[in-house]
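K.L.:
Got a structure here, written out as structure tokens. Questions coming.
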Amino acid sequence: MLPKVGSYKFHIESYVCDFQGKATLPIIGNFILQAATMHASERGFGYDEMSESDAAWVLSRLSIQMNDYPGYDQFLTVETWIEDVARFFTQRCFRFIDKEGKTIGHARSIWAAIDMQTRRPIDIEVWRPELKNFIDTEKECPIDKLAKILPVRNVEPTMGYSVRYSDIDINKHMNSIKYIEHVINIFDLDVFKKKMIHKFEMVYLAEGGFGDKLKLYRLDSSEDECLVDTKRGEESICRSRITWK
């Protein structure tokens, strides 16, 4: 049987770096999705196996905590493992290791399996009981589990956009990482010159679809913390919390 922990190496190319020569948060998010996809596929519950059952994995919550970001022409190793499996959700963790073998961050995520026809959650314990064989009870993820993110009210929208072709993924809804891109784009470049995103937390509440008109509402709860509520009309489709360092 394959090991419970998967390890995957990614090269930081120039086109995934920001103006400071560091990999961006959305790129870290893409590495998370790629590592999760490869880990699941190697163990028999990836995209192909899900598609045969007309089902798909959907990201429900994500928390990324970085102490540093890898730079241009460096390698980043991403470890991933399953922390828990419940009826409708599975919890997956990640560790980020730089070129010198130093841990520079962790992430936590919660995934649901949905029926692609009904868009309803599937009971994972019944549908894929073998997932529990891959739970790693010894591997630790030191960052806190995602706490509740409150809605943002009584402020004017900071930015608006319409969901377009490049936002939509293979499951025909808005790609998980596109939400992150749009959220961090509300900040001026000067903000990133002075500090970095130490922790980014997001809860996905509803699917964004092609043509949806979304608005982002920003609330600076403190000097180092910001809440962003992405809404479709009055409905929140995702909420995020950013901690700066």
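The values are calculated or read from the model by the stated rules, or taken from the named source; none is laboratory data. The structure displayed is predicted, hence computed values, not measured ones. Every residue, glycine among them, receives a Cβ derived from its backbone with ideal geometry; neighbour counts consider all protein chains shown. Each accessible area value is taken on the protein alone, full model and side chains, heavy atoms only, with ligands, DNA and RNA left out. Shrake-Rupley method; radii C 1.70, N 1.55, O 1.52, S 1.80 Å.
K.L.:
For the chain, give the percent of accessible area contributed by carbon and sulfur heavy atoms, probe 1.4 Å, rounded to a whole number.
P.N.:
The value for the chain is 48 percent carbon and sulfur by accessible area.
K.L.:
Restricting to DSSP H runs of at least four residues, report the calculated mean residue ellipticity at 222 nm for the chain, -39500 (n - 2.57) per run over all residues, nearest 500 deg cm²/dmol.
P.N.:
Value at 222 nm, helices only, nearest 500: -5000 deg cm²/dmol.
K.L.:
Pop a pseudo-label 7 angstrom from the Cα along the beta-carbon direction at both residue 206 and residue 118 and give the gap in nm to one decimal.
P.N.:
Taking the simple label geometry, residue 206 and residue 118 are separated by 2.1 nm.
K.L.:
Right, here's the next one. Which order, highest average first, do 19-27, 111-119 follow once you tally other Cβ atoms within 10 Å for each residue and take the mean per peptide?
P.N.:
Order by mean packing, descending: 19-27, 111-119.
K.L.:
According to the square roots a ≥ b ≥ c of the eigenvalues of the Cα gyration tensor, what is the shape class of region 51-137, taking rounded for a/c under 1.5, prolate for a/b larger than b/c otherwise, and oblate for the remainder? It would help to have the intermediate numbers written out before the result.
P.N.:
Numbers: a/c = 2.79, a/b = 2.16, b/c = 1.29.
Taking the square roots of the gyration eigenvalues as a ≥ b ≥ c, region 51-137 is prolate.
K.L.:
Report relative contact order for the chain in percent, whole number only (criteria: Cα-Cα under 8 Å, sequence separation at least 6).
P.N.:
18 percent
K.L.:
Additional query: In this model, which of 102/199; 22/145; 22/195; 148/194 are farther than 22 Å apart at the alpha-carbon?
P.N.:
Violating the 22 Å Cα-Cα cut-off are 22/145; 148/194.
K.L.:
Moving to a separate point now. Relative contact order, percent, of region 1-100 when contacts are C-alpha pairs under 8 Å separated by at least 6 residues? The partial results should precede the final answer.
P.N.:
On the way: 128 pairs, mean separation 36.2, N = 100.
In percent, rounded to a whole number, it is 36.
K.L.:
Taking 7 Å along the Cα-to-C-beta vector as the label spot, tell me the residue 13-residue 224 distance in nanometres, rounded to one decimal.
P.N.:
Label at residue 13, label at residue 224, 3.6 nm between them.
K.L.:
Rounded to the nearest 0.05, what FRET efficiency is calculated for residue 88 and residue 20 with R0 set to 45 Å and r the Cβ-Cβ distance?
P.N.:
Computed FRET efficiency for residue 88 and residue 20: 0.65.
K.L.:
OK, next. Could you rank 201, 138 by how accessible they are, 1.4 Å probe, largest area first?
P.N.:
Of 201, 138, the descending order of accessible area is 138, 201.
K.L.:
When we measure straight from the Cα of residue 139, which aspartates and glutamates land under 14 angstrom away, once same-chain ones fewer than 8 places off are left out?
P.N.:
In chain and number order, the partners are 79, 83, 84.
K.L.:
Here is a follow-up. So what is the relative contact order for region 111-245, in percent, with contacts set as C-alpha pairs under 8 Å and at least six apart?
P.N.:
25 percent
K.L.:
Taking C-beta distances below 4.7 angstrom as the pairing criterion, name the unpartnered cysteines of the chain, in sequence order.
P.N.:
17, 226, 238
K.L.:
Sticking with the crude label model, points 7 Å out along Cα→Cβ, report the distance from residue 68 to residue 5 in nm, one decimal please.
P.N.:
2.0 nm
K.L.:
In Å², what does the accessible area per residue of region 91-245 work out to with a 1.4 Å probe? List each step's numbers first, then the result.
P.N.:
Values: 8380 Å² over 155 residues.
I get 54 Å² per residue for region 91-245.
K.L.:
Got a sec? What order do 31, 192 fall in by accessible area at 1.4 Å, biggest, i.e. largest, first?
P.N.:
From most exposed to least exposed: 192, 31.
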